[in-house]
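Asks: Structure below; questions to follow.
Rule-based calculations on the coordinates, nothing more; no lab input. All values derive from a computational prediction rather than experimental measurement. Here the Cβ positions follow ideal geometry from the backbone for every residue, glycine too, while neighbour counts run over all protein chains shown.
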Amino acid sequence: MTAAVAVDLGKTGCRAVLWYGDPPAQEFHEVPGAPGLAADNGVASARTAVRAAVLPLLEREPSHRLAAVCVGAAGAAAAPEAARELAALLLDDLPADEVAVTSDAVTAHAGALGGRTGVVLAIGTGSVAIGIGDDGSYARVDGWGPWLGDEGSGAWIGAAGLRAALRAHDGRGPDTALLAAAVERFGEPDRLPSALGRDGNPARTAASFAPDVARAAAAGDAAASAIIREAAGALGEAALTAARRIGGGALPVTVTGGLTGLGEPLLGPLRDALTGSPRPLHLRPPLGAPLDGARLLALNASAPHEPHVVRVRRTTPLPTVPTPPVTPPADSQE
């Protein structure tokens, strides 16, 4: 029976789904994510995460022929050669006829709009707006990573909240509930710099503080409210810029990603920013998730997203599903 695997590889988590049968059944597995393809050692980290997410699925359902794997990977848009390298490596690792790698923003777009044109604002640990027009035009706005961009993202909100907390701790800024929230989550303020780097993914760690900022904003904290308003403004600006760059008439716009879980403290001012556009933008709920988009692109090479997908097709015999290595006990190693 033919199957396909869809992978959503973000900086926080790596989610994989094996789709098979008609109507399609699915198996799901999730592992920690990777810093991004554009990061140092990004391809190796991404390969490790994808293998860890996909191989258990193949071991559960060994009878299915794997037609395609599509990975939507953070950082792929900024590092196309890394995306091609990852696709080739995964073709060596996995018993698939074809491996496709694209940006996680592209799979989010395909899933949210069902493979159709429009603007998708993907917000999670990072943030990016992707626009694809009826004439094939393409715009990518932001998505430059936590140090150069991703304005309004989870990492951006969390880092801004931590800065506000430290300013209050120093006496340089106003009192804020964010200081107590930061201490509760990370420990004493002096430990914050080391806490951000403790798992090797500072953006993900900073993003973990974004829900605390949203809760403080909902409770009326002035510093937190200002951060959330600024985040919503930056996200709205990215979506409006993508719409302007692809041209045309009225456009569907949808917002997707884990940061939508912050709820009204963020989504209310974001809606205001989008509906204030002079151009008709129809804000719609997403039709599907990034994993739905990855599945669509795995099986359909004629979608308008195809110019932004790297595909590597097998020309050699299929590998067998690898068995995870067993590490001998420490006292048996020399």
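Asks: For a footprinting-style exposure proxy, rank Asp221, Asp272 by other Cβ within 10 Å, fewest first. Each step should come with its number before you reach the end.
Replies: On the way: Asp221 22, Asp272 13.
Listing Asp221, Asp272 from fewest to most nearby Cβ atoms yields Asp272, Asp221.
Asks: Read phi for every residue in region 29-41 and hand back ³J(HN,Hα) as whole Hz from Karplus 6.51 cos²θ - 1.76 cosθ + 1.60, θ = phi - 60°, with x for Gly and Pro.
Replies: 8, 9, 9, x, x, 9, x, x, 5, 7, 7, 4, 6
Asks: Dipole size in debye (nearest 20) for region 82-124 around its Cα centre, Lys and Arg Cβ +1, Asp and Glu Cβ -1? Intermediate results must be reported in sequence, preceding the final value.
Replies: Details: 2 positive and 6 negative charges, 70 e Å.
Charge dipole of region 82-124: 340 debye, to the nearest 20.
Asks: Moving to a separate point now. Based on the Cα atoms of region 115-283, what semi-axes does the equivalent ellipsoid have, where each is the square root of 5 times one gyration tensor eigenvalue, given in whole Å with the largest first?
Replies: Numbers: eigenvalues 207, 53, 25 Å².
Rounded to whole Å, the semi-axes are 32, 16, 11.
Asks: If you don't mind, there's one more thing I want to ask. Multiply the residue gap between Ser194 and Asp175 by 0.36 nm, knock off their C-alpha separation, and tell me the result in nm, one decimal place.
Replies: 4.5 nm
Asks: Under the definition of Cα pairs under 8 Å and six or more residues apart, what whole-number percent is the relative contact order of the chain?
Replies: On the way: 736 pairs, mean separation 75.6, N = 334.
Once divided by the residue count of the chain, the mean separation gives 23 percent.
Asks: Moving on to the next point. Separation of region 151-166 and region 254-298 by C-alpha centroid, Å?
Replies: 21 Å
Asks: Taking +1 at the Cβ of each Lys and Arg and -1 at the Cβ of each Asp and Glu, which of Gly220, Val7, Gly114 sits farthest along the dipole of the chain towards its positive end, judged by Cα position relative to the Cα centre?
Replies: Checking the options against the dipole of the chain, the answer is Gly114.
Asks: In addition: Mind checking the log10 I(q)/I(0) for region 40-132 at q = 0.26 Å⁻¹? Debye, one equal scatterer per Cα, no solvent, two decimals.
Replies: For the requested q values the scattering log ratios are -1.29.
Asks: Based on the Cβ-Cβ distance from Ala301 to Arg60, what FRET efficiency comes out when R0 is 22 Å, to the nearest 0.05? Present the calculation step by step, with values, prior to reporting the outcome.
Replies: Numbers: r = 27 Å, r/R0 = 1.25.
Calculated value: 0.20.
Asks: Starting at the first residue of region 121-128, write each ³J(HN,Hα) from the Karplus equation 6.51 cos²θ - 1.76 cosθ + 1.60 with θ = phi - 60°, in whole Hz, x for Gly and Pro.
Replies: For region 121-128, the Karplus-derived couplings read 9, 9, 10, x, 4, x, 8, 7 Hz, x marking Gly and Pro.
Asks: How far apart, in nm, are the 7 Å Cα→Cβ label points at Arg163 and Arg84?
Replies: Calculated label separation equals 3.8 nm.
Asks: Say each of Ala67 and Leu148 gets a label point 7 Å from the Cα, pointing the same way as Cα to Cβ; how far apart are those two points in nm?
Replies: 3.8 nm
Asks: Based on the Kirkwood radius over alpha-carbon pairs, what value in µm²/s does the Stokes-Einstein equation return for the translational diffusion coefficient of the chain at 20 °C and 1.002 mPa s? Write down the numbers at each step before the final one.
Replies: Working: Rh = 20.7 Å.
D = 103 µm²/s.
Asks: Mind grabbing the base-10 log of I(q)/I(0) for region 79-145 at q = 0.12, 0.19, 0.28 Å⁻¹? Debye formula, identical points on the C-alpha positions, no solvent, two decimal places.
Replies: -0.38, -0.83, -1.13
Asks: Then there's this: In whole angstrom, how long is each semi-axis of the equivalent ellipsoid of region 249-303, when you take the square root of 5 times every eigenvalue of its Cα gyration tensor and sort them from largest down? The partial results should precede the final answer.
Replies: Numbers: eigenvalues 129, 59, 7 Å².
For region 249-303, the ellipsoid semi-axes come out as 25, 17, 6 Å.
Asks: In debye, nearest 20, what is the charge dipole magnitude of the chain about its Cα centre with +1 on Lys and Arg Cβ and -1 on Asp and Glu Cβ, if you could check?
Replies: Details: 27 positive and 35 negative charges, 132 e Å.
Result for the chain is approximately 640 debye, rounded to the nearest 20.
Asks: What is the order of Leu291, Leu55, fewest Cβ neighbours within 10 Å to most?
Replies: Details: Leu291 23, Leu55 18.
Starting with the residue having the fewest Cβ neighbours, the order is Leu55, Leu291.
Asks: Nearest 5 percent is fine: what portion of the DSSP beta bridges confined to region 115-283 is antiparallel?
Replies: Values: 11 of 18 bridges.
Antiparallel bridges: around 60 percent, rounded to the nearest 5.
Asks: So, one more: Can you put Cys14, Cys70 in order, fewest other beta carbons within 10 Å first? All intermediate terms of the calculation are to be shown ahead of the outcome.
Replies: Numbers: Cys14 26, Cys70 30.
Arranged by neighbour count, lowest to highest, Cys14, Cys70 become Cys14, Cys70.
Asks: Determine the percent antiparallel among the DSSP beta bridges restricted to the chain, to the nearest 5.
Replies: On the way: 30 of 52 bridges.
Once the DSSP bridges in the chain are tallied, antiparallel ones form about 60 percent.
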